[in-house]
Structures are given as C-alpha cells and as structure tokens.
1. Note down the magnitude of the dipole of the range 80-200 about its Cα centre, charges +1 on Lys and Arg C-beta and -1 on Asp and Glu C-beta and zero elsewhere, to the nearest 20 debye.
2. Taking 7 Å along the Cα-to-C-beta vector as the label spot, tell me the Val121-Ser207 distance in nanometres, rounded to one decimal.
3. Short version: ³J(HN,Hα) in whole Hz for each residue of the range 66-77, in order, from phi by Karplus 6.51 cos²θ - 1.76 cosθ + 1.60 (θ = phi - 60°), x for Gly and Pro, what are they?
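Please treat every number below as a calculation from the coordinates, not as lab data. What you are looking at is a predicted structure, and each value in this text was computed from that prediction instead of being measured. For neighbour counting, all protein chains shown are included, and Cβ atoms are generated from backbone atoms with ideal geometry for every residue, glycine included.
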Amino acid sequence: MSAHASHELTMSIAALILVIGGAVVLGLAWRERRGILRVSVDDRRTTSDGGAWRASTWMAAGLSLAAAAIHLAAAPEHVGELGDLGLGFYLAALFQAVWALAWLTGSRTGTLARVGLVGNVALLSAWVWSRTVGLPVGPAAGVPESIGTADGATVVFQALLVGLLVLRLTGADRTITTRLPGLPARATMAAVPALGIIFLAATLGVSTATAGHGRAEAHGASVESGSGHESGSGHESGAGHESAGHGHTP
C-alpha cells in the first residue's frame, strides 16, 4: 500500500471513530436526557447521584474517543518524521479507543478506571517532555516542540479525562452530588451539548493534523522536484560545455 493510500485509510478510520463513537455516546446521553434509558444494575447508585454518575461515564468515553481520533490522524506524519517511535501514536489511538468502548459497555470497575488513568497520565507526561525537553530522536531531537491546535486539544481531553477518573476512583463524585442535590439533573442536561463541543473540537483537531501531514507531503515533493531540476540542469549544462569543447578541438 502506498504512503498516500495508507494516509487516506488512517483518515477514514479517524473519521469513523468520531462519527460512530460520537453518535453512540451522544445517543445514549440524549436518551437519558429524555428519560428513556433505563438505569443498568452496574450503574445503579442512589436516586440523587445516578444522573451525574452516568453523565460522567459518557463524558469520559467521549473524551477518550476524541483523543484517540486525533492521535490516529497525527500518526502518519509522526511515523514519517520519527520512524518506529511514531508508531506510538497508533498505539495511543488504539488504547484510547478500546478503553472508551470497554468503559461504555463494561462494568466500569476500579481496575478499568485505573488503567485509563495510568495510560492517560503516561501520554500527558510524554507530551510535557516533548514540549519542554524535546524528543530524543528525529530531525529536531532535543529541541522542544511548539504547541499546536491538534496536540493542544488532545491534551485538554486527556487532562479532563484524568480529572473525571480521579473523581470516580476517590469517590469525590458522589460526595459532590450529595452536597449539591440539583447537580445530577443539571449534569444530565449538560451532557449532550458538552459532548457535542468535545466532538466538534476533535473534528478541528483531526482536520489540523491532516492538513499538517498534507503540507509535509507537499514540501517533500517540492524538495524532490527542486533537486531533480537542479540535477537535470547541471547535467545539461555540463553536456553543453562538453559539446562546446569538442567543437573547438582541432
């Protein structure tokens, strides 16, 4: 498969993650908002905190899917720049997509929450390292990278996800809902527009990552074209001089 075809396939998968994943999460939140979705046994808490519990569940899944889509969209460019190290973007996308699916469909155990927490903290740490110290390999090794739209959005998604998981693991979410009785209803109502904003921001991040890869390909093609032109011109010039020299030979 050519590099262009591989890139197009990657973009298609990233778009599917956003479209299908976003539709599922938004659909669940919308059904809950209208009071149609029945409370599952695993999610059954008290009447006061059930709505906030489920809203935070959908938000966590949505944030993970959004980060996965951007990581996937940025992967081809980073593989081209960093080689095997860039494959980490594919692994990050796979981890975050699978985790989101498990979080939505599974029992949302403490173990799964810890896995999500550790994985996203590791990804955030790698990002901070690359922006403060620089990557150990690549064309700009040891040089801190600038913050762009795509990676900035991804970091925000991951930081929010880490915050939600910390609240879930420490039980602080239930403490908050106990002290604020009106929060569950507000959280359920706010889940749909909040998720919409998340997926719109993810779409912008994917688009930015795709545009960056396109510019890199165009620059590479331009450099190759320029090299070929200079090589051809030099050859023709040399041939002309040689021809002229032979013409003046007695």
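1. Using Cβ point charges on Lys, Arg, Asp and Glu, the range 80-200 gives about 680 debye.
2. Taking the two extended label points, one gets 3.6 nm.
3. 4, 5, 4, 4, 5, 4, 5, 5, 7, 4, x, 5
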